[in-house]
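Beneath this line is the structure, given in structure tokens, with notes to follow.
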Amino acid sequence: MSPTLTTFTVFLYDSPNRLWAFQRMGLLPGQLAKVPGMAFSQLMGSGRGLVFSLWPDWSRYVLLATWTSEEAADAFFGASPLVQAFRRQARETWTVRMHPIKTHGLWSGQNPFRVVASPVGYDGPVVVLTRASIRTRALWDFWRNAPRAAEGLTRAEGLIFSSGVGELPFVRQATLSAWENPAAMRAFAYGGENHQAAMRRKAEQNWYSEELFARFVPVASEGTYYGINPLEQWIVDS
């Protein structure tokens, strides 16, 4: 059964250390597979801006992981030489811990998240993950139309954080965003005309060979991202 705890960690690097971070993209996955209690992991690069981007951001890398227990995550972030090496090289590190409350679809043939019930009447912050593997024949159409889906995101009411990330340039893309409450997230997802048009185009042209959507409740936020802890004020005892 899939674990309930998920972590999303962002590492920001200054120019002298960006090559070091890029080189670890090919070296670290095998080492992460041996971390006790880490059930699933993806080390990913980032695109410029808030969502999908053709242009890489060499200063930013992310680690998404699920855990069999809180203790396993504590041991990794507290004492693992792997994460300590990343922190030494990084200018800033930010980690959000969260529990999935809604998910559908697959990631590399599996759904790594086990849903837990959200509190009745929950109106606090939510984190949304979307991930897709784009069909080769659909790449041109996707990249021509995808910016419409993100139009207005920078002005979206209730947006706390957003980042476009990816496993494989151009082909396997993901976005993680945090919102003040579920209503703000739904208003952007279903209220914007351009976003809805892009979603219809996605369905009509069958862009994706695989797609996953997950919604989380953040429970802890540690470190900084461009000088601030994005979720600090939204999570009690973060």
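A few remarks follow.
- The ranking of I228, I160, I101 by Cβ neighbour count inside 10 Å, starting from the fewest, reads I228, I160, I101.
- When only the Cβ of Lys, Arg, Asp and Glu is charged (+1, +1, -1, -1), the dipole of region 161-209 relative to its Cα centre reaches about 120 debye.
- Helix-only CD estimate at 222 nm, as mean residue ellipticity for the chain, using -39500 (n - 2.57) per DSSP H run (n ≥ 4): -9000 deg cm²/dmol
- Net length gained if the chain between D14 and L168 were fully extended (0.36 nm per residue, minus Cα distance): 53.2 nm
- Measuring nothing but how far apart in sequence close Cα pairs (under 8 Å, 6+ apart) lie, relative to its length, the chain scores a relative contact order of 26 percent.
- Mean-position separation - Cα centroids, region 162-238 and region 87-121, in angstrom: 11
- Size of charge dipole - the chain - debye, nearest 20, with Cβ of Lys, Arg +1 and Asp, Glu -1, no other charges: 760
- Most positive-pole-ward Cα, L43, V116, A203, against dipole of the chain from beta carbon charges: A203
- Of T175, Q23, S69, farthest towards positive along the dipole that unit charges on Lys, Arg, Asp, Glu beta carbons give the chain: Q23
Only the coordinates and a few stated rules stand behind these numbers; no lab work does. Remember, predicted model here, so these are calculated numbers, not experimental data. Every residue, glycine as well, gets a Cβ built from its backbone with ideal geometry; the counts of neighbours run over all protein chains shown.
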